[in-house]
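Chemist: Okay, here's the structure, questions in a sec.
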2 protein chains.
Amino acid sequence: MTNLQENEKPIAVFDSGLGGLTVFREILRQLPDENLIYFGDTARVPYGSKSRETIIHYTEQILNFLRTKEVKAIVVACNTVSAYALEELKDRVEVPIIGVVKPGAYAAVKQTKTRRIGVMGTEGTVRSGLYPTYIHEIDPSVLVFQKPCPLIVPLVEEGLWDDPLTTEAVRRYTRVFREEHIDTVIMGCTHYPLVRDTIRKVLGDDVTLVNPAYETTAALRRVLEEKGLLRTMDAPVTGPPYRFYVSDDPEKFKEFASRVLRFEIPEPRKIDIEAY
Amino acid sequence: MTNLQENEKPIAVFDSGLGGLTVFREILRQLPDENLIYFGDTARVPYGSKSRETIIHYTEQILNFLRTKEVKAIVVACNTVSAYALEELKDRVEVPIIGVVKPGAYAAVKQTKTRRIGVMGTEGTVRSGLYPTYIHEIDPSVLVFQKPCPLIVPLVEEGLWDDPLTTEAVRRYTRVFREEHIDTVIMGCTHYPLVRDTIRKVLGDDVTLVNPAYETTAALRRVLEEKGLLRTMDAPVTGPPYRFYVSDDPEKFKEFASRVLRFEIPEPRKIDIEAY
């Protein structure tokens, strides 16, 4: 184990599977000098339809795993985990930990003019009610319309990013948003930005689409700045800048990740997450 | 622990989640005097897109759990497990263990007249190649066309059993079957019989649909008969006839199971499957 300066340590990003790569991509874009570790729990994906208790248990194991990696901050790149487990577990983590729900809520309130916000999410994220809670902490007068969209994740994972089936599913799920004249929609699951064009097409140009990844990364930068933890461009190179870990087949993940990130990622390492 | 006669012990049926209930339902129908235990691995569902290694690991844990239940036979009510893990693990089990793939292959060969069979299945089941292997063991001249149908499971789990989205997905997946003039299609995932009407509508009445659950139950009966293990109607009642175990939220499972089985099932028990 090398003896890294605090600011040279990597940032960890984790998700139930592949969706968190859209957050990883945004961190790459905004903070290109950082070293990053990604974990995707591909052996137990999806999380969105599972219970709060199970999600907390899985998240504990992931945090135990990340503890072995000497990271300087953790980004919970999964809305379901952010909604169900973050409050419960954040005090047990020694480094800053940032979820996607709070920054997403903040961004939406900043954007809306009509004070009518729609939230697309997994069953778990919607059931947790955390988006409405955070939105109402900022502005209690905002009306929030939530809609669970369980089919979008499997459609995205099948690669049907631009496909009539996906369009039809999005059309159904967002009907209530159109009826309720909302002007801002939170893409409250990290898979959804991959079908942004389809959502845009269905909702039209007058609706603002919020990708929480953007504000999450901005929040991450603020925290790192405050604590003097930003990595500088001239920091010594101590290893590969990006490392990927998964709990199931690395090959399948590699293919999908390389498509999302638009570069060939290094070989992911498979770990036994149940052992943590 | 009661001291049960061998033939009074229950039969265990397990699956990655909910799909195996269609097999459970068939066993109820053909063997109404038996006591049954069902386990659904709802915390880690689905299995169909995961790797062989992971499926074998999960199946080992399930078999360890079932070992604590004193069962007289085990039915693997999951095509992916039958395809990936059954050969590997069957010798470690002390009681008869029956999968759905072999009986399904047998039924299809018996039905086909044109010797052209289609197989719908998960990615894992298709990748394993086990349906073609078994079919060719019986009749090497049969042509087998396999098609992975990954979206059907989430569509079924969303309750869209009779829905244009499901019809469109089935239409795409079965296009190759229509082009290749197959006369028999194996519903090679235990979820598929729940959308049998949709598959029937798309494929037309001239195609025979094989539900492996039927032949699997017939095979189960033969094994129990041979070993003198059939429970008789006048066997003493030693407890509830059906018990359900899951690895995630029991309530959600109960609702779905009661819909599939058409009676209100007793409260499922949640167990920690990783501990086995």
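Since every read-out is calculated from the coordinates, none of them should be taken as a lab result. Note that the structure is a prediction, hence the values are computed from the model and not measured. Cβ sites come from the backbone with ideal geometry, for glycine too, and all protein chains shown count toward neighbours.
Chemist: Nearest 500 deg cm²/dmol is fine: what mean residue ellipticity at 222 nm does the protein assembly as shown get from its DSSP H runs of n ≥ 4 alone, each adding -39,500 (n - 2.57), divided by its residue count? Let's see the in-between values first.
Modeler: Values: 24 runs with 238 residues, N = 552.
Here the helix-only value at 222 nm equals -12500 deg cm²/dmol.
Chemist: Check cross-link reach from A:Lys102 to the lysines: straight Cα distance under 17 Å, and skip same-chain residues fewer than eight apart.
Modeler: The qualifying lysines are A:Lys90, A:Lys110.
Chemist: Given the C-alpha centroids of the stretch A:171-241 and the stretch B:110-170, what is the distance between them in whole angstrom?
Modeler: Rounded to whole Å, the Cα centres lie 38 Å apart.
Chemist: Using a label point 7 Å beyond Cα on the Cα-Cβ vector, give me the inter-copy distances for B:Lys113 in nanometres, one decimal, shortest first.
Modeler: Listed shortest first, these distances are 6.8 nm.
Chemist: Treating cross-link reach as a plain straight distance, find the aspartates and glutamates whose alpha-carbon is under 13 Å from the alpha-carbon of A:Lys113, omitting any fewer than eight places away in the same chain.
Modeler: A:Asp139, A:Asp183, A:Asp206
Chemist: Could you list the residues of the stretch B:131-159 with an amide nitrogen less than 12 Å from a label point located 7 Å from the Cα of B:Arg116 in the Cα-to-C-beta direction?
Modeler: B:143-145
Chemist: Also, I was wondering about something else. What does the highest-first list of A:184-193, A:225-234, A:105-114 look like by mean Cβ count within 10 Å?
Modeler: Details: A:184-193: 27.3, A:225-234: 12.0, A:105-114: 18.7.
The densest-packed peptide leads the list: A:184-193, A:105-114, A:225-234.
Chemist: With a ≥ b ≥ c the root eigenvalues of the C-alpha gyration tensor of the stretch A:1-112, is it rounded (a/c under 1.5), prolate (a/b larger than b/c) or oblate?
Modeler: Numbers: a/c = 1.61, a/b = 1.16, b/c = 1.39.
Because a/c hits 1.5 or more and a/b fails to exceed b/c, the stretch A:1-112 counts as oblate.
Chemist: So what's the protein assembly as shown giving for Cα Rg divided by 2.2 N^0.38 Å, two decimals?
Modeler: On the way: Rg = 24.9 Å, N = 552, 2.2 N^0.38 = 24.2 Å.
Against the empirical 2.2 N^0.38 Å value, I get 1.03 for the protein assembly as shown.
Chemist: Now for a separate question. Work out the P(r) tail for the stretch A:156-238: percent of alpha carbon pairs separated by more than 18 Å, whole number. Don't skip to the answer; put the middle values down first.
Modeler: Details: 1877 of 3403 pairs.
So the portion of pairs separated by more than 18 Å is 55 percent.
Chemist: Now for a different question. Among the listed pairs A:Lys201/A:Lys254; A:Lys252/B:Lys147; A:Lys270/B:Lys50; B:Lys9/B:Lys227, which have their C-alpha atoms separated by more than 20 angstrom in this model?
Modeler: Working: A:Lys201/A:Lys254 29 Å; A:Lys252/B:Lys147 18 Å; A:Lys270/B:Lys50 13 Å; B:Lys9/B:Lys227 13 Å.
Cα-Cα > 20 Å for A:Lys201/A:Lys254; rest within.
Chemist: Let me check I have the definition right: for the stretch A:136-276, take the eigenvalues of the Cα gyration tensor, multiply each by 5, take square roots. What are those semi-axes in whole Å, largest first?
Modeler: Details: eigenvalues 211, 110, 41 Å².
Its equivalent ellipsoid spans semi-axes of 32, 23, 14 Å.
Chemist: Right, here's the next one. Counting only other chains, what is the mean number of Cβ atoms within 10 angstrom of the Cβ of each residue in peptide B:161-169?
Modeler: Numbers: counts 0, 0, 1, 2, 7, 0, 0, 3, 4.
Other-chain Cβ atoms within 10 Å of each residue's Cβ, averaged: 2.
Chemist: Positive end of the charge dipole of the stretch B:153-269 (Lys, Arg +1 and Asp, Glu -1 on Cβ, about the Cα centre): tell me which of B:Val202, B:Thr232, B:Thr184 has its Cα farthest that way.
Modeler: Going by the Cα projections, it comes out as B:Thr232.
Chemist: Any idea what angle helix A:250-261 forms with the longest principal axis of chain A, computed on alpha-carbon atoms, 0 to 90 degrees, nearest 10?
Modeler: Compared with the principal axis, the helix lies near 60 degrees.
Chemist: By how many degrees, between 0 and 90 and to the nearest 10, does the Cα long axis of helix B:21-30 differ from the longest principal axis of chain B?
Modeler: Roughly 70 degrees, rounded to the nearest 10.
Chemist: Using Cβ contacts closer than 10 Å as the measure, can you line up A:Ser82, A:Ser128 from fewest to most? Display every interim value, and only then the final one.
Modeler: On the way: A:Ser82 29, A:Ser128 23.
Taking fewest neighbouring Cβ atoms as first place, the list is A:Ser128, A:Ser82.
Chemist: What is the distance in Å between the Cα centres of the stretch B:35-86 and the stretch A:91-107?
Modeler: Comparing the Cα centres of the stretch B:35-86 and the stretch A:91-107, I get a distance of 37 Å.
Chemist: Under unit Cβ charges (Lys, Arg +1; Asp, Glu -1), what dipole magnitude, rounded to 20 debye, does the protein assembly as shown have relative to its Cα centre? Intermediate values should be presented prior to the final figure.
Modeler: Values: 72 positive and 80 negative charges, 144 e Å.
Using only the charged Cβ atoms, the result is roughly 700 debye.
Chemist: Provide an ascending nm list, one decimal, of label-point separations from B:Lys201 to the equivalent residue in each further copy; define each label point as 7 Å from Cα along Cα→Cβ.
Modeler: The answer, with the shortest distance listed first, is 2.4 nm.
Chemist: Hey, what angle do you get for helix B:164-179 against the long axis of chain B, alpha-carbon based, 0 to 90 degrees rounded to 10?
Modeler: For helix B:164-179, the angle is close to 60 degrees.
Chemist: In whole angstrom, how long is each semi-axis of the equivalent ellipsoid of the stretch A:101-212, when you take the square root of 5 times every eigenvalue of its Cα gyration tensor and sort them from largest down? All intermediate terms of the calculation are to be shown ahead of the outcome.
Modeler: Working: eigenvalues 98, 43, 26 Å².
Gyration-tensor ellipsoid for the stretch A:101-212: 22, 15, 11 Å.
Chemist: Please compute one quarter of the surface area of the Cα convex hull for chain A and express it in square nanometres. Don't skip to the end; give the middle numbers.
Modeler: Details: hull surface 55.7 nm².
Averaged projected hull area, Cα only: 13.9 nm².
Chemist: If you don't mind, there's one more thing I want to ask. Which order, highest average first, do A:13-23, B:43-53, A:130-140 follow once you tally other Cβ atoms within 10 Å for each residue and take the mean per peptide?
Modeler: Numbers: A:13-23: 27.5, B:43-53: 22.5, A:130-140: 17.2.
So the order, starting with the most tightly packed, is A:13-23, B:43-53, A:130-140.
Chemist: Given H placed 1.01 Å from N in the peptide plane, which residues other than close sequence neighbours of A:Tyr38 have an amide H under 5 Å from its amide H?
Modeler: A:Val13, A:Arg243, A:Phe244, A:Tyr245
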